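Just below is one structure, and these are the notes that go with it.
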Amino acid sequence: MKILRNYFLKEFILPFLLSLGVLIFVMLLGNLIKLVELIITKGVNPLSVFKLFVFLIPYLLTYIIPIAVLSSVMLSLGRLSSDNEILAIRASGINIFRFIFPLMVIGLTLSLFLIILNDRVIPKAHFATRKTLIDIGIKNPTAAIEAGTFIDSFQNYVLFVYSIEKNKQTGERNILNNVRIYEPQGKDKPSRTIVARRGEFVSLPEKRTVKLKLIDGTSDEPDPNKPGEFFKLNFKTYYMTLNLSGQNEKGELEKKPKDMTIKELKDQIEKLTSQSIETAPLLTQLHQKLALAFSALVFILVASPLAIITHRREKTLNLGFAFLIVVLYYLLLIGFESLSLQGNLPPALSVWMPNIIFSVLGVVLLAKLCAS
């Protein structure tokens, strides 16, 4: 049995490492292109871009590892089943569950690793990413702006810029043409609007703020007699102080739910519950950290009997089955997460529902296989 187990683990590990390497390469390459654009087109410091690249890796691993596990199970067991090796093993009197059990142990080990990754590493990486983006936005504000789109990277304001040009004096790409700035005033109230022919960013890193110098334009200013209404004010030069989103009044970055560990989420939930505030989004985030981690074990549970039953050697077909399982799993995850956030289902049930559905399917297929 030991020789058989080692043989089977060898058949599993090689496709797993190959799938892991290919998935990491593909996902990093897609994001790397976007990061390189920051250097080439936005003039962002390469060191800051490298930091963003490093911080991205843990987040990708939480999805890559379960998918790699699923692909390798489909490939290895599909090959063994098509060559009738599993049939020979079962004919020798070895229960199929004993054959699959080492895979379950691997899945459980990887899931426990992913819990640590989701709870400790990813929140720190996500928070560090936001801090790096804030620093990039302060030192190079135009990196946070894309011409022709609405930008909400700054607190309280939404910016729209028709085009961005280089400053002929400094060589920096920080001249904005046809600037529109909207300041929402609340529900059912008109937004304050500022329109300028040109604009120029002035970075103040020591104060962690950005000043925007506007030239030749109009500004909506509150009417002292009617606070809910505005009057137009023409200006030649107008200065605005902008703070990047996520910063508090002191310029410090506040943590979002994705930046929090499980303990921090529990503390926040307890605090908000005592204030009678709805905590469904935080509960959803908490359970999602655990549910995604155990997807590695769930994928092994459902893929093992499926690969044996389908009895296919072709790699494309096995990868197709793996792709179908992944798509269905994450569609269910998104759907049930929406139900949770809308208050239609308890967060603990909705987030774990895809794992429950696929686990039940895996157990049924495994029981059918053992009984045959």
| field | Checklist (1) under 25 Å from the mean Cα position of the chain (by Cα); (2) of a type outside the set (D, E); (3) modelled with pLDDT of 80 or more applied to N248, failing item | value | (3)
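Output the residues belonging to segment 182-193 that are open to solvent by less than 60 Å² (accessible area, probe 1.4 Å) and in a loop (DSSP other than H, G, I, E, B). Give the derivation first.
From segment 182-193, those open to solvent by less than 60 Å² (accessible area, probe 1.4 Å) are 183, 186, 191-193; that's our starting set.
Matches in segment 182-193: G186, S191.
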| task | Being open to solvent by 10 Å² or more (accessible area, probe 1.4 Å) and β-branched (V, I, T) is the filter here, so list the residues in segment 194-223 that pass it. | result | V195, V202, T209, I215, T218
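Tally time: how many residues in segment 322-343 are open to solvent by 70 Å² or more (accessible area, probe 1.4 Å) and aromatic (F, W, Y)?
Keep residues of segment 322-343 that are open to solvent by 70 Å² or more (accessible area, probe 1.4 Å), which gives 323-324, 328, 331, 334, 341-342.
Now narrow it down to the ones that are aromatic (F, W, Y): 323.
Residues flagged as open to solvent by 70 Å² or more (accessible area, probe 1.4 Å) and aromatic (F, W, Y) within segment 322-343 amount to 1.
Within segment 157-166, track down each residue that is over 26 Å from K51 (Cβ atoms) and open to solvent by 20 Å² or more (accessible area, probe 1.4 Å).
Within segment 157-166, the subset over 26 Å from K51 (Cβ atoms) is 157-158, 160-163, 165.
Result: Y157, V158, F160, Y162, S163, E165.
For segment 39-50, state whether one or more residues are open to solvent by less than 30 Å² (accessible area, probe 1.4 Å), in contact (Cβ under 8 Å) with a residue 60 or more places away in the chain and in contact with a Phe, Trp or Tyr (Cβ under 8 Å, 6 or more places away or on another chain). Show your work before the answer.
First, the residues of segment 39-50 that are open to solvent by less than 30 Å² (accessible area, probe 1.4 Å): 42, 44, 48-49.
Those still in the list that are in contact (Cβ under 8 Å) with a residue 60 or more places away in the chain too: 42, 44, 48.
When the remaining residues are screened for being in contact with a Phe, Trp or Tyr (Cβ under 8 Å, 6 or more places away or on another chain), the result is none.
No: segment 39-50 contains no residue that is open to solvent by less than 30 Å² (accessible area, probe 1.4 Å), in contact (Cβ under 8 Å) with a residue 60 or more places away in the chain and in contact with a Phe, Trp or Tyr (Cβ under 8 Å, 6 or more places away or on another chain).
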| Quick check: is even one residue across segment 109-126 in contact with a strand residue (DSSP E or B) (Cβ under 7 Å, 6 or more places away or on another chain) and open to solvent by 80 Å² or more (accessible area, probe 1.4 Å)? | no
| task | Filter segment 127-156 down to residues that are open to solvent by less than 30 Å² (accessible area, probe 1.4 Å), of a type in the set (F, W, Y) and within 16 Å of the chain's Cα centre (by Cα), then give me how many there are. | result | 0
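The values are calculated or read from the model by the stated rules, or taken from the named source; none is laboratory data. Keep in mind it's a predicted model, so treat the numbers as computed, not measured. Cβ atoms come from the backbone with ideal geometry, glycine included; neighbour counts cover every protein chain shown. Heads up: the accessible areas ignore ligands, DNA and RNA and are worked out on the full protein's heavy atoms, side chains in. Shrake-Rupley method; radii C 1.70, N 1.55, O 1.52, S 1.80 Å.
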